[in-house]
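Notes follow once the structure below has been shown.
The values are calculated or read from the model by the stated rules, or taken from the named source; none is laboratory data. These numbers were taken from a predicted model, which means no experiment stands behind them. Cβ: placed from backbone, ideal geometry, glycine included. Neighbour counts: every protein chain shown. Each accessible area value is taken on the protein alone, full model and side chains, heavy atoms only, with ligands, DNA and RNA left out. Shrake-Rupley method; radii C 1.70, N 1.55, O 1.52, S 1.80 Å.
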Amino acid sequence: MFTTGGVQPQEILTPALAAARRQLVDRAWSRLLALSDAVKVPLVQRRSPRQELAFLSRKAVSGCSAGTTVEVDLEAGMAAVIIEVEGSGDKQHQQQTPMTRSSAGDLVDEGELYAAVRAGLEVDAGSSRPTATDPFTEFWSSQSNGSRQNTLSIEECRIVFSELHPSFRHYGLDNSWVDGADAFLEAHLELGCNVVQSKSASSAAEYARLGIPPHLRSKLWFTLTQSEFTVNEEGYSEDLCRFLRGQVAKYELLTDRLILQEVKKCQDDDTYFVFEEMARDILLLWSRDESIASQYGEQLTGSMEDDVRPVSTGMRGRWSSEIKWFPPNGRLPMCGLSSYATLTSFLHSNLDTAYGLFRNLYLKYFQHMQTVTAHHCSITALHAMFETLLKQLDPLLFLHLAHKVAVGTSCRESLSTPSTPTSKSTWTAGAAFRPAFKWIVHGFVGTLDVEEVLLLWDRVIGFDRLELLSVMAAGLYLFRREKLMAALTKQDVEVLKAVCSFLAKVVELTCKSNAGSISRCSHGASCSAASVHHFCI
């Protein structure tokens, strides 16, 4: 059973999934506490007067009397803090802690998150053999029945994503190479301006499903993601950011060091490195936003209690009440956060508006992409849907990848044994599907070109369905079917992982419909997303 909207009933964690999640969170906390002991820094501490002074800007806040209130300058303050931390010898301490076994210093790296997902999805090989009553989607499955109950089948995708049919014209695809492209572009732009002026969320959603021009994207994303309970979203975001900047100036969190390591990943990408400071500031505000903790707990029952620990932080929240848990936002920083922050940095140069958009997207989408739960949009369900789609679209390819490609240790062994830089534990059962897992976790940031990522997320937000990420991943695997069928070892799949990073340049997929064959070539993500939808028609 499925719904065409984004709201679905809450599901209860299976024992295997609950155990995998618990091990993952416990491991993250043990590494965080080990880091605290190694660098001799508590989870939360008040900044020194010298550090606080470094955060204060000489400019008065707009609208206030000169000299009465000053701004918090995150850039200047963090620059002073980084110099002080690096000069204190903390880097030497960090090299000795097990938390920094990976170059990025993640509490939980991508391989361990994948192992947790696989451990929660896998069943014994004997129980996965087909029976007389099993449907085709159960055939030689590496997933339990419960893990697929919230995923969409091909038939359901046809209904939910009906606007991706080739009969609909899409911005980013039909405005550049088909007949009548100029007329379509002019009409689409005019319609977009009218939708922006109307400020209608329903109209904006319908428009986003067909692609949003760059100059309208920030306004329409804002319309689609703003809370229905907030009268003045812009004013609320500005006030919230002002308070959170003050929290950054007053208190140092141990997770700040993890965030600084996370955003350094931007330096490795010639497209995103210019947004490193903006991504850092967004995540610093995010880590102190206690309102996220309450909303996170409401959406994912019981999950927040797994992530936080009762701690006397000494921090005062926005309404002057003491924050008695850590982290203040209820979420430990996981791998992939910098990808989400850079995605919003492309749309806004102002920190207040950028964080407002990031916060809304995080609550609606990003948090699920890092969470091992039974929620229909969690990374667990998204990866299960990817495998289910691939199995339905090309059972021979799925069988080859699931059973013939050489793999390392089992997922349960990988999850229970800490990995090392030379360990093979990250190559688990289902190792051939790990590249798709990375694409989904990062929302295809760093895999597709920037404009294609934004076009893909236009559809995700417009449909209000994260399942499009699974659809996209399945499409890329089908596009590389020939190379995948030739893969026999994990090294072959590693090579494919690098090859797929360049798929954004030209994506050519064959779409089949009941009326005949349709071939489309595109420089946009809309083509590949739509093409997956039609492989089964």
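Here are the numbers for this structure:
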read-out	value
The range 29-52 residues that are outside any helix (DSSP H, G or I), paired with ones that are open to solvent by less than 40 Å² (accessible area, probe 1.4 Å) and of a type in the set (Lys, Arg) (beta carbon under 9 Å, 6 or more apart)	VAL41/ARG257
So GLU322, is it farther than 27 Å from THR373 by Cβ, among the acidic types (Asp, Glu), over 23 Å from the mean Cα position of the chain (by Cα) and at pLDDT below 85	yes
From ALA66, ALA38, residue being modelled with pLDDT under 85 and open to solvent by 20 Å² or more (accessible area, probe 1.4 Å)	ALA66
Search result, residues across the range 258-274 that are of a type outside the set (Ser, Thr, Tyr) and crowded, with 22+ Cβ neighbours inside 10 Å	LEU258, ILE259, GLU262, VAL263, LYS265, CYS266
Residues that are out of contact with any Phe, Trp or Tyr (no Cβ under 6 Å at 6 or more places or on another chain), in a helix (DSSP H, G or I) and more than 18 Å from TRP221 (Cβ to Cβ), drawn from the range 438-477	LYS438, TRP439, ILE440, VAL441, GLU467, VAL471, MET472, GLY475, LEU476, TYR477
Count of the range 229-265 residues which are among the hydroxyl-bearing types (Ser, Thr, Tyr) and at pLDDT 90 or above	2
Restricting the range 239-250 to residues that are in contact (Cβ under 8 Å) with a residue 40 or more places away in the chain and surrounded by fewer than 18 Cβ atoms within 10 Å (Cβ to Cβ), the residue that is nearest to ASP289 (Cα to Cα)	PHE243
Hey, LEU285 of a type in the set (A, V, I, L, M), under 18 Å from the mean Cα position of the chain (by Cα) and under 30 Å from ARG50 (Cβ atoms) or not	yes
Neighbours by Cβ (under 7 Å, 6+ apart or cross-chain): first from the range 387-414, over 21 Å from THR151 (Cβ atoms) and at pLDDT 80 or above; second open to solvent by 30 Å² or more (accessible area, probe 1.4 Å) and not aromatic (Phe, Trp, Tyr)	HIS400/MET485
Residues of the range 478-493 satisfying the condition of being in a helix (DSSP H, G or I) and either touching a residue at least 60 places away in the same chain (Cβ under 8 Å) or under 24 Å from the mean Cα position of the chain (by Cα) (or both)	LEU478, PHE479, ARG481, LEU484, MET485, LYS490, ASP492, VAL493
Criterion violated by ARG27 - all others in (1) charged (D, E, K, R); (2) modelled with pLDDT of 90 or more; (3) loosely packed, with under 15 Cβ neighbours inside 10 Å satisfied	(3)
Selection within the range 164-207 - among the acidic types (Asp, Glu) and either free of Cβ contacts under 8 Å to residues at least 60 places away in the same chain or surrounded by 17 or more Cβ atoms within 10 Å (Cβ to Cβ) (or both)	ASP174, ASP179, ASP182, GLU186, GLU190
Matching residues, the range 100-125, being under 30 Å from LEU351 (Cα atoms), at pLDDT below 80 and either part of a helix (DSSP H, G or I) or in contact with a Cys (Cβ under 8 Å, 6 or more places away or on another chain) (or both)	THR100, ALA104, ASP106
Filtered residue count, the range 323-344, keeping only those that are within 18 Å of LEU244 (Cβ to Cβ), free of Cβ contacts under 8 Å to residues at least 60 places away in the same chain and open to solvent by 10 Å² or more (accessible area, probe 1.4 Å)	1
Matching residues in the range 126-157 - criterion: being open to solvent by 80 Å² or more (accessible area, probe 1.4 Å) and modelled with pLDDT of 75 or more	GLU155
Test: residue in the range 345-357 that is under 26 Å from ARG31 (Cα atoms) and either hydroxyl-bearing (Ser, Thr, Tyr) or surrounded by 23 or more Cβ atoms within 10 Å (Cβ to Cβ) (or both)	no
Residue ID - farthest from HIS375 (Cα to Cα), chosen from residues in the range 168-177 that are of a type outside the set (Phe, Trp, Tyr) and at pLDDT below 85	SER176
